[in-house]
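Chemist: Once you've had a glance at the structure underneath, I'll fire off some questions.
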Amino acid sequence: MNETPRVFAEIDLDAVRGNVRALRAMAPRAELMAVVKADAYGHGAVPCARAAQEAGASWLGTATPDEALALRAAGIDGRIMCWLWTPGGPWREAVEADIDVSVSGMWALEEVQEAARAAGRPARVHLKADTGLGRNGCQPADWAQLVQAAVAAQAEGTVKVTGLWSHFACADEPGHPSIQLQLAAFRDMLAYAEKEGVDPEVRHIANSPATLTLPDSHFDLVRTGLAVYGVSPAPELGTPDQLGLRPAMTLKATVALVKTVPAGHGVSYGHHYTTATETALALIPAGYADGIPRHASGRAPVLVGGQVRTAAGRVAMDQFVVDLGAGEHGVRAGDEAVLFGPGEHGEPTAEDWAQAADTIAYEIVTRIGGRVPRVYRNG
């Protein structure tokens, strides 16, 4: 007897490949980095990394060194960059695995030099400039010191400066004044580094929104994250279809129970929803332990029985309820419920869920948890 899955995420790797090809066409003079941090935004880092490389991504990007090292352990070759380091991180392991690392300050440069000496080979380093985002990266006032120290380290043979980079704060808000200010600051910081003798392989600042809307920001490499998985980085930029992208993830669940309850019956914790008439309720066996946002309680859309229904009452840890209404609904235990997908068959999208939960689509796909199996199509 085949087990019916409680909930699972179906990942279409052909969609990943198609999105990478579409993004490459939008930045034809630049190389493309497919960002696979956070388990490829919830889609599965290793399968998506391979699919992206098959479609022409020449770089892979991760936030943490552990994510980058896991790709190497899975047998993935090619250029990999990681950028979120803390003191005492696995610098030597990264150097030995030929992973490009980001350096934003003197402490990091000193630690990666020590690791390179221990490994007996130079570290591949990208110097990050803070051009206005205010997170990681070196401030303009400290840029000269970092660049000069990196040039000296390169002369010593402990590092090779392979990249100069930065990150936008508001590229998902077309026309925001910070965009051109950051581009100008980046060009100034590039010019200084190159004057001091840095000859990087790649210069990069464009994320997914900038790849889609700011050709002047493409430089030598674009870093595409959410767009690789076919989700629009911001509603203001357009729907996936308008952007030439296709969502890769479809989240499905199996209806666990259908029952009729009388009028005035409370539903789920706190009884924030009470039935208006005698009605049928369907139990969807997925909850916030699976990554279903509790903030979407009472608003989240679900396609079940050929109709989009709304979550009734609170989303619980493992389950939530939809009201099927009075009369014949055609829904039975064992039927499929689609929480979100590409939207091509009337199902809700990740953006629909984001609006229901007052968040962004990035969070909707990324938060789908580890106890939700990923099923890969077109692998």
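Chemist: Looking only at region 163-197, filter to residues that are farther than 30 Å from SER232 by Cα and of a type outside the set (A, V, I, L, M, F, W, C); which one of those is nearest to the chain's Cα centre (by Cα)?
Modeler: Among residues in region 163-197 that are farther than 30 Å from SER232 by Cα and of a type outside the set (A, V, I, L, M, F, W, C), the one nearest to the chain's Cα centre (by Cα) is ASP188.
Chemist: So, one more: Got a number for residues in region 339-379 being over 14 Å from VAL7 (Cβ atoms), outside any loop (DSSP other than H, G, I, E, B) and not aromatic (Phe, Trp, Tyr)?
Modeler: 12
Chemist: Let me ask you something else. Please indicate, with yes or no, whether at least one residue in region 223-236 is surrounded by fewer than 20 Cβ atoms within 10 Å (Cβ to Cβ), out of contact with any helix residue (DSSP H, G or I) (no Cβ under 7 Å at 6 or more places or on another chain) and at pLDDT 95 or above.
Modeler: There is no residue in region 223-236 that is surrounded by fewer than 20 Cβ atoms within 10 Å (Cβ to Cβ), out of contact with any helix residue (DSSP H, G or I) (no Cβ under 7 Å at 6 or more places or on another chain) and at pLDDT 95 or above.
Chemist: Go through region 270-314 and give me each residue that's in a loop (DSSP other than H, G, I, E, B), at negative phi and of a type in the set (Gly, Ala, Ser).
Modeler: Just the residues of region 270-314 that are in a loop (DSSP other than H, G, I, E, B), to begin with: 272, 275-278, 285-287, 291-293, 297-300, 305-306, 313-314.
From what is left, the residues that are at negative phi are 272, 275-278, 285-287, 292-293, 297, 299-300, 314.
Once the filter is applied, which keeps residues that are in a loop (DSSP other than H, G, I, E, B), at negative phi and of a type in the set (Gly, Ala, Ser), region 270-314 yields ALA276, ALA286, GLY287, SER297, ALA300.
Chemist: Looking at region 129-155, which of its residues are of a type in the set (D, E, K, R) and either open to solvent by 20 Å² or more (accessible area, probe 1.4 Å) or in contact with a His (Cβ under 8 Å, 6 or more places away or on another chain) (or both)? Break it down into steps so the answer makes sense when it comes.
Modeler: Filtering region 129-155 for residues of a type in the set (D, E, K, R) gives 130, 135, 142.
Of everything in region 129-155, those that are of a type in the set (D, E, K, R) and either open to solvent by 20 Å² or more (accessible area, probe 1.4 Å) or in contact with a His (Cβ under 8 Å, 6 or more places away or on another chain) (or both) turn out to be ARG135, ASP142.
Chemist: Hey, another quick one. Condition first: in a helix (DSSP H, G or I), within 18 Å of GLY379 (Cβ to Cβ) and within 18 Å of the chain's Cα centre (by Cα). Now tell me which residues in region 53-77 satisfy that. Step through it out loud before you land on a result.
Modeler: Residues of region 53-77 that are in a helix (DSSP H, G or I), as a first pass: 53-54, 65-73.
Those still in the list that are within 18 Å of GLY379 (Cβ to Cβ) too: 53-54, 71.
Across region 53-77, the qualifying residues are GLN53, LEU71.
Chemist: Within region 200-222, which residues are open to solvent by 10 Å² or more (accessible area, probe 1.4 Å) and of a type outside the set (Ser, Thr, Tyr)?
Modeler: We begin by selecting, within region 200-222, every residue open to solvent by 10 Å² or more (accessible area, probe 1.4 Å); these are 200-201, 203, 207, 212-216, 218-220.
Result: PRO200, GLU201, ARG203, ASN207, LEU212, LEU214, PRO215, ASP216, HIS218, PHE219, ASP220.
Chemist: Report yes if THR260 is more than 16 Å from GLY42 (Cβ to Cβ), open to solvent by 10 Å² or more (accessible area, probe 1.4 Å) and either touching an Asp or Glu at 6+ places or on another chain (Cβ under 9 Å) or in a helix (DSSP H, G or I) (or both), otherwise no. If you could, list the steps in order and put the result at the bottom.
Modeler: Details: more than 16 Å from GLY42 (Cβ to Cβ): yes; open to solvent by 10 Å² or more (accessible area, probe 1.4 Å): yes; either touching an Asp or Glu at 6+ places or on another chain (Cβ under 9 Å) or in a helix (DSSP H, G or I) (or both): yes.
Considered against the rule, which asks whether it is more than 16 Å from GLY42 (Cβ to Cβ), open to solvent by 10 Å² or more (accessible area, probe 1.4 Å) and either touching an Asp or Glu at 6+ places or on another chain (Cβ under 9 Å) or in a helix (DSSP H, G or I) (or both), THR260 comes out as yes.
Chemist: Quick one: how many residues across region 78-92 are assigned to a strand (DSSP E or B) and either open to solvent by 10 Å² or more (accessible area, probe 1.4 Å) or of a type in the set (Ser, Thr, Tyr) (or both)? Lay out the reasoning, then the answer.
Modeler: Kept after step one, since they are assigned to a strand (DSSP E or B), are these residues of region 78-92: 79-82.
Among the residues that remain, those that are also either open to solvent by 10 Å² or more (accessible area, probe 1.4 Å) or of a type in the set (Ser, Thr, Tyr) (or both) are: 79.
Final tally of qualifying residues: 1.
Chemist: Moving on. Could you look through region 282-299, keep only residues that are without any contact (Cβ under 8 Å) to a residue 60 or more places away in the chain and farther than 11 Å from ALA311 by Cβ, and pick out the one that is least open to solvent (accessible area, probe 1.4 Å)?
Modeler: Among residues in region 282-299 that are without any contact (Cβ under 8 Å) to a residue 60 or more places away in the chain and farther than 11 Å from ALA311 by Cβ, the one least open to solvent (accessible area, probe 1.4 Å) is LEU283.
Chemist: Further question on the same structure: Check ASP323 against each of (1) of a type outside the set (A, V, I, L, M, F, W, C); (2) surrounded by fewer than 15 Cβ atoms within 10 Å (Cβ to Cβ); (3) over 22 Å from the mean Cα position of the chain (by Cα) and name the one condition it does not meet.
Modeler: Failing condition for ASP323: (2).
Chemist: Tell me which residues, restricted to region 1-27, are in a strand (DSSP E or B) and open to solvent by 10 Å² or more (accessible area, probe 1.4 Å).
Modeler: Just the residues of region 1-27 that are in a strand (DSSP E or B), to begin with: 7-12.
Selection gives PHE8, GLU10, ASP12.
Chemist: One residue is enough: does region 171-194 have a residue meeting the conditions surrounded by 22 or more Cβ atoms within 10 Å (Cβ to Cβ), under 26 Å from TRP91 (Cα atoms) and of a type in the set (A, V, I, L, M)?
Modeler: For region 171-194, residues surrounded by 22 or more Cβ atoms within 10 Å (Cβ to Cβ), under 26 Å from TRP91 (Cα atoms) and of a type in the set (A, V, I, L, M): present.
Chemist: Something else about it: Among the listed residues ALA30, ALA52, ALA38, identify the single one that is open to solvent by less than 10 Å² (accessible area, probe 1.4 Å) and modelled with pLDDT of 95 or more.
Modeler: Answer to the selection: ALA52.
Chemist: Confirm whether VAL95 is without any contact (Cβ under 8 Å) to a residue 40 or more places away in the chain and either open to solvent by 50 Å² or more (accessible area, probe 1.4 Å) or hydrophobic (A, V, I, L, M, F, W, C) (or both). If you could, list the steps in order and put the result at the bottom.
Modeler: Numbers: without any contact (Cβ under 8 Å) to a residue 40 or more places away in the chain: yes; either open to solvent by 50 Å² or more (accessible area, probe 1.4 Å) or hydrophobic (A, V, I, L, M, F, W, C) (or both): yes.
Yes, satisfied.
Chemist: Output the number of the condition that ALA337 fails; it satisfies all remaining conditions of (1) farther than 19 Å from PHE8 by Cα; (2) open to solvent by less than 20 Å² (accessible area, probe 1.4 Å); (3) among the hydrophobic types (A, V, I, L, M, F, W, C).
Modeler: (1)
Chemist: Which residues, taken from region 63-100, are under 18 Å from ILE205 (Cβ atoms) and not acidic (Asp, Glu)? Break it down into steps so the answer makes sense when it comes.
Modeler: So the first thing to find is which residues in region 63-100 are under 18 Å from ILE205 (Cβ atoms), and the list is 63, 79, 81-84, 100.
Correct list: ALA63, ARG79, MET81, CYS82, TRP83, LEU84.
The values are calculated or read from the model by the stated rules, or taken from the named source; none is laboratory data. From a predicted model like this one, the values you see are computed outputs, not experimental measurements. Because the Cβ atoms are built from the backbone with ideal geometry, glycine has one as well, and the counts that use them run over all protein chains shown. Side chains included, ligands, DNA and RNA excluded: accessible areas come from the protein's heavy atoms. Shrake-Rupley method; radii C 1.70, N 1.55, O 1.52, S 1.80 Å.
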